[in-house]
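**Q** If you scroll down you'll find the structure; I have some questions about it.
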C-alpha cells in the first residue's frame, strides 16, 4: 500500500516523502484560478475604484507570499528554495472575471505544483477580499494545474492548455 500512497510509511502512518536521493532537476509549475465577478465590480476593478485600492497589485503580492509559505500550510509538503514566482492576470469582460495564472520555479528534488496552485488560490482570495465590499456573491472556480515539468514524470500539460511561446519544452 505505501508504494502507491507515497505519504504512508511501511506501517501505514503518515510520513513526509524522503526526496534526498532524487535527482536535482529544473522544475516549473503553472496553475490557474478564475474569479467570477459582476460586470459592475469588474468595472470598478478596471478603474482602480474599489475601496481597498489596487486589487491586482495586492493579489500579485498575496499570491507570491503564499507560494513562499506552502510548507507551512500543506501538511507533509517540503520546504523549497524557490527561484521564481510570478502571478499574472487576464481581466475578461465575457464572462466578467479575472483569470489568474501563477508560476513557480525551482531546481531541486521535488516539484513546485503546490506552490503554483496555492499562489493562484491566494491571489483569488485576495481579489475576493478586496471586492467583497461591493459584491458578496463572488465565485472562485477553475483552480487547476496547467503545466508541470521536471523530475522523473517529465512534462504534463492539462487538456486544452497551450504553453506560451518558448515554454513548449519547459
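Where a number appears in this text, it was derived from the coordinates with a stated rule and is not lab data. The model shown is predicted, which means the values in this text are computed figures rather than measured ones. In this analysis, Cβ positions are derived from the backbone assuming ideal geometry, glycine residues included, and neighbour counts consider all displayed protein chains.
**Q** Suppose R0 equals 22 Å; then what is the FRET efficiency for residue 6 and residue 144 from their Cβ-Cβ distance, rounded to the nearest 0.05?
**A** For R0 = 22 Å, the calculated efficiency reads 0.55.
**Q** Quick one: Debye curve from the alpha-carbon atoms of segment 85-170 only, equal weights, vacuum; give me log10 I(q)/I(0) at q = 0.17, 0.23 Å⁻¹ to two decimals.
**A** Ignoring solvent entirely, the Cα scatterers give -0.78, -1.23.
**Q** Relative to the longest principal Cα axis of the chain, at what angle does helix 113-131 sit, 0 to 90 degrees, rounded to 10?
**A** Helix 113-131 sits at roughly 20 degrees to that axis.
**Q** Using only helices, what value at 222 nm comes out for the chain when you add -39,500 (n - 2.57) per DSSP H run of length 4 or more and divide by the total residues, to the nearest 500 deg cm²/dmol?
**A** Calculated from helices alone, the mean residue ellipticity at 222 nm is -8000 deg cm²/dmol.
**Q** Here is a further query. Pop a pseudo-label 7 angstrom from the Cα along the beta-carbon direction at both residue 153 and residue 46 and give the gap in nm to one decimal.
**A** 3.9 nm
**Q** If I stretch the segment between residue 74 and residue 21 completely, what's the gain in nm (0.36 nm per residue apart, minus their alpha carbon distance), one decimal?
**A** Here the segment from residue 74 to residue 21 would lengthen by 16.9 nm.
**Q** First check a/c for the chain, with a ≥ b ≥ c the square roots of the eigenvalues of its C-alpha gyration tensor; if it is under 1.5, answer rounded, and if not, answer prolate when a/b is larger than b/c or oblate otherwise.
**A** Verdict is prolate for the chain.
**Q** Turning to a different aspect of this structure: Using only Cα atoms, locate the centre of segment 80-95 and the centre of segment 120-160, then give the distance between them in Å, rounded to an integer.
**A** That distance is 9 Å.
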